[in-house]
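So the structure is just underneath, and the comments pick up after that.
The values are calculated or read from the model by the stated rules, or taken from the named source; none is laboratory data. Predicted model, so just to flag it, every value in this text is computed and none were measured. Heads up, the Cβs are rebuilt from the backbone with ideal geometry, glycines too, and the neighbour counts pull from every protein chain shown.
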Amino acid sequence: MRAVSTIILFLASTTWIVPAVKAQTSEKSPPCKECHQPRDTTIDLTLFARSVHGDLDCTSCHTDGFDKFPHTSTRAAMPDCRDCHTGSVSPTIDFDKITEGVKASVHAQLVDPAFRCTNCHSPHYFIPGSRMTNVSEALHAANKSCLGCHAAGESTTTEDLAFGNLVEKHRLLFHAELHLQRNACVACHTPRGEQTVHLILPKSEALKDCSACHAKNSLLATKIYLLLAPKQHAEHGWVNVIVFNNAYLTGATRNRWLDWGALALAVLVLLGVTAHGIGRLAFASFRRRS
Amino acid sequence: MKHESSPYPLWLRIWHWGNAFLFVTLLITGLDLHISRPSPSPLGFRTGVLIHNTAGILLTLFYCLFLYGNLRLGNWRYYRVLAEDIAPGLFRQAGYYLWGIFLGSPHPYPESENRKFNPLQKFFYLVVMYLLFPVLTVTGWSLLLPGQLPAVMFGMRGIGLSDLVHTYTGLSVSLFMVVHVYLGTTGTTPGALFRLMWSGHDNEPESISTVRTPSLELQSKVQGEVPIAHSKDRT
């Protein structure tokens with residue numbers, strides 16, 4: 001499921017609908033950066049510049065009430081992401097379906113009925129998948145949204161402790177820590193068989209079938225690597241390096257040519273042994289005579 | 001452990017059958033995990049992993065028993081490779097399997113007190129037990145403790161490379177086992193060598209006459225070895 005987020009990130013980067021507000025040039029914009037310097041603790045302007053929204057003026061989203069100091073606006077009064085991100089951008093990115101998913105998720109059902117996109121996706125630092133150099137980076141970005149709440153801490157130490165507690169809760173998995181580090185939370189915590197990563201399920205409904213991922217048609221292989229695999233395949237040749245180099249999954253880390261080769265070898269050995277046995281039987285009478 | 005003079009002492013037979021049972025278990029579960037399908041898997045992925053890990057740990061202990069038996073209980077002497085084992089030994093033995101066995105030719109390297117394995121056996125047993133098995137064991141443990149592996153080895157993800165080597169070494173040993181079991185039927189009767197490996201001795205006196213030909217007796221005497229009459233071949 002985390003793959004869907006990667007897909008979303010990737011496709012979004014190529015088909016992103018830049019809001020019309022971008023046309024509002026900085027000439028008329030309030031001088032935000034006079035106060036919000038690079039060392040500002042509220043926003044990292046360097047990271048913001050690299051984000052998907054980096055080309056937008058601050059006032060694209062921070063509309064009313066931000067032109068004076070102190071700012072008089074509140075978050076609730078700010079425009080919603082869906083004011084720009086609406087409809088179906090592509091077959092795999094349908095903001096209306098994403099909204100439906102969020103509304104049906106455990107987050108909206110049990111945590112906050114007004115659960116917003118920005119609870120998980122930082123509008124200032126959001127980077128599309130196409131700008132990420134590898135799968136690990138995409139996974140890290142995807143999981144950061146979850147761990148920000150589910151393994152939150154005020155310092156690195158407390159974050160580590162919280163992550164340790166999270167690992168304990170996932171002891172059903174072999175190598176739980178590795179699974180949590182190398183896998184996307186939404187892979188197991190969203191409905192299987194649906195291309196949604198926003199309908200977060202309750203703990204009791206989380207995916208527990210290991211073979212959903214640990215199989216030839218892995219949930220991960222068919223989703224998370226869907227867009228990156230052709231690129232790496234073209235760069236590195238026939239070996240499925242996207243799987244070998246980005247994940248180790250028993251049952252999924254397979255190469256069909258090697259598997260066919262192994263099967264052919266096994267068949268040859270069995271045929272050889274069978275033929276030898278038949279030959280011994282056929283020559284039995286000859287041996288008795290001699 | 002008492003040092004037994006028999007080529008098939010109790011410890012060896014316990015190791016052999018324990019090893020066989022564990023390896024078959026590992027083969028079945030390993031294959032099931034390798035070709036895992038979204039449910040229903042025959043075993044269930046989690047159960048498969050649990051059995052595979054347990055059998056792997058036990059197999060390591062059995063391998064330690066094998067090493068101890070070879071080093072301390074005298075079994076190593078059967079693995080000594082002599083110059084004649086290579087040439088003409090390997091060729092003569094291969095020729096026997098390819099042709100002589102069909103015609104009832106005498107075994108070129110009958111078992112004796114000092115020779116339990118023919119040259120081909122020595123070669124394959126050495127490769128399997130002292131090369132493939134250690135590789136299989138080390139890669140198996142590395143997959144059991146993946147955190148200990150280097151992130152990258154030979155340009156590949158460490159754990160991926162380890163898995164690749166583990167899988168195809170396992171395949172090689174499995175194919176060896178198929179041939180091993182088949183050649184086990186080439187005794188005086190199809191079951192003779194299996195009984196021998198189970199009990200440590202052959203209880204079929206009639207099997208002697210089919211094996212001990214005058215030429216073989218003569219050959220053994222010429223080589224200065226005392227022939228053992230209970231079987232004509234073993235793999």
Quick one: which of A:S211, A:S285 is in a helix (DSSP H, G or I), assigned by TED's automatic domain parsing to the domain that holds A:L139 and modelled with pLDDT of 75 or more? A:S211
B:T169 passes all but one of (1) among the hydroxyl-bearing types (S, T, Y); (2) over 30 Å from A:T253 (Cβ atoms); (3) modelled with pLDDT of 75 or more; (4) surrounded by 20 or more Cβ atoms within 10 Å (Cβ to Cβ); which number fails? (2)
In the stretch B:133-143, the residues that are touching a Phe, Trp or Tyr at 6+ places or on another chain (Cβ under 9 Å) and surrounded by fewer than 17 Cβ atoms within 10 Å (Cβ to Cβ): B:P134
Restrict the check to the stretch B:109-130 and report whether at least one residue is assigned by TED's automatic domain parsing to the domain that holds B:G158, surrounded by fewer than 18 Cβ atoms within 10 Å (Cβ to Cβ) and closer than 30 Å to A:R289 by Cβ. yes
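Of the residues A:N165, A:N143, only one is in contact (Cβ under 8 Å) with a residue 12 or more places away in the chain, exposed (fewer than 15 other Cβ atoms within 10 Å of the Cβ), farther than 27 Å from A:T59 by Cβ and more than 14 Å from chain B (Cβ to nearest Cβ); which? Talk me through it step by step, then tell me what you get.
Values: A:N143 fails: exposed (fewer than 15 other Cβ atoms within 10 Å of the Cβ).
Unique residue meeting the criteria: A:N165.
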Hey, B:N114 touching a residue at least 24 places away in the same chain (Cβ under 8 Å) and not aromatic (F, W, Y) or not: yes
Unmet criterion (only one of (1) at pLDDT 85 or above; (2) assigned by TED's automatic domain parsing to the domain that holds A:H179; (3) under 23 Å from B:L43 (Cβ atoms); (4) touching a helix residue (DSSP H, G or I) at 6+ places or on another chain (Cβ under 6 Å)) for A:I200: (3)
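Residues checked against (1) surrounded by 14 or more Cβ atoms within 10 Å (Cβ to Cβ); (2) modelled with pLDDT of 95 or more; (3) of a type in the set (G, A, S):
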site	(1), (2), (3)
B:N53	yes, yes, no
B:L71	no, no, no
B:R77	no, no, no
B:R80	no, no, no
B:D85	yes, no, no
Between a residue in the stretch A:47-63 that is among the charged types (D, E, K, R) and any residue that is not in a helix (DSSP H, G or I), which pairs come within a Cβ distance under 7 Å, given they are 6 or more apart or on different chains? A:R50/A:I127; A:D57/A:Q24; A:D57/A:S26; A:D57/A:S29
Determine if the stretch B:182-201 includes at least one residue that is surrounded by fewer than 20 Cβ atoms within 10 Å (Cβ to Cβ), on the phi > 0 side of the Ramachandran plot, more than 13 Å from the chain's Cα centre (by Cα) and more than 12 Å from chain A (Cβ to nearest Cβ). yes
Name the residue, out of B:G95, B:G48, B:G89, that is modelled with pLDDT of 90 or more, of a type in the set (G, A, S) and surrounded by 17 or more Cβ atoms within 10 Å (Cβ to Cβ). B:G48
Can you name every residue in the stretch A:139-162 that is within 19 Å of A:A206 (Cβ to Cβ) and in contact with a Leu (Cβ under 7 Å, 6 or more places away or on another chain)? A:H150, A:A151
